[in-house]
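Nothing in this text is a laboratory measurement; each read-out follows from the coordinates by a stated rule. Computed from a prediction, not measured in an experiment: that's the story for all the values here. Positions of Cβ are backbone-derived with ideal geometry, glycine not excepted, and every protein chain shown enters the neighbour counts.
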Amino acid sequence: MFRGNSFHSLDPKGRLVIPSRFRDVINAAGGGVMMTVLGQGLYAYTFDEWNKIEAKVLSMAETSESMRRFRLFFIGGAHRCLCDKQSRILIPPVLREDAGLDKEVVLSGLLNHFEIWSRENWEAEKLRMREDMQNGTVSAEIAKLGL
């Protein structure tokens, strides 16, 4: 399982050193991830988790234009990214561009996957979350969890 946030820098070639707590999960599940863009960040899944997602997408009877576009970009835009001997993953240029990644990035573990955000987009999202908490938009949903 992926948990926690951490701040990192991409090297000039677009490689990211994967923290050991994530690397252990990745290595146990095949040594790499499937990575794709959704919203303002990259989503990274172990190969097993990615297979589950593809099965769900294939089982969907929905054939709307919006779902076609979702499949086109989410599934069609996915890249297989393997860890190298230095525990780095090369993020393909097209994914870096689509997610607005430059140098400073944030990794956020979300149990069955992790996300990679530009530091700038991460800070903006954090502000939006604080605003949502203050105005009660999210507070009611969180209260349903008993937290």
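I need the calculated FRET efficiency for the pair Val57 and Ser20, taking r as the beta carbon distance and R₀ as 41 Å, to the nearest 0.05.
Numbers: r = 31 Å, r/R0 = 0.77.
Efficiency, from the Cβ-Cβ distance: 0.85.
What is the total of Lys pairs in the chain with C-alpha atoms under 26 Å apart, excluding same-chain pairs fewer than 8 positions apart?
Details: Lys13/Lys85; Lys13/Lys103; Lys85/Lys103; Lys103/Lys126; Lys126/Lys144.
Taking the chain as the scope, the lysine pair count is 5.
So the label point goes 7 Å from the Cα of Asn27 along Cα→C-beta, right? Which residues of segment 72-91 then have their backbone N under 17 Å from it?
82-90
In whole Å and largest first, what semi-axes does the C-alpha gyration tensor of the chain yield when each eigenvalue is scaled by 5 and square-rooted?
24, 22, 17
Would you work out which of Leu16, Gln40, Thr137 lies farthest towards the positive end of the dipole of the chain? Charges go on Cβ: Lys and Arg +1, Asp and Glu -1.
Comparing the listed Cα positions along the dipole, Leu16 ranks first.
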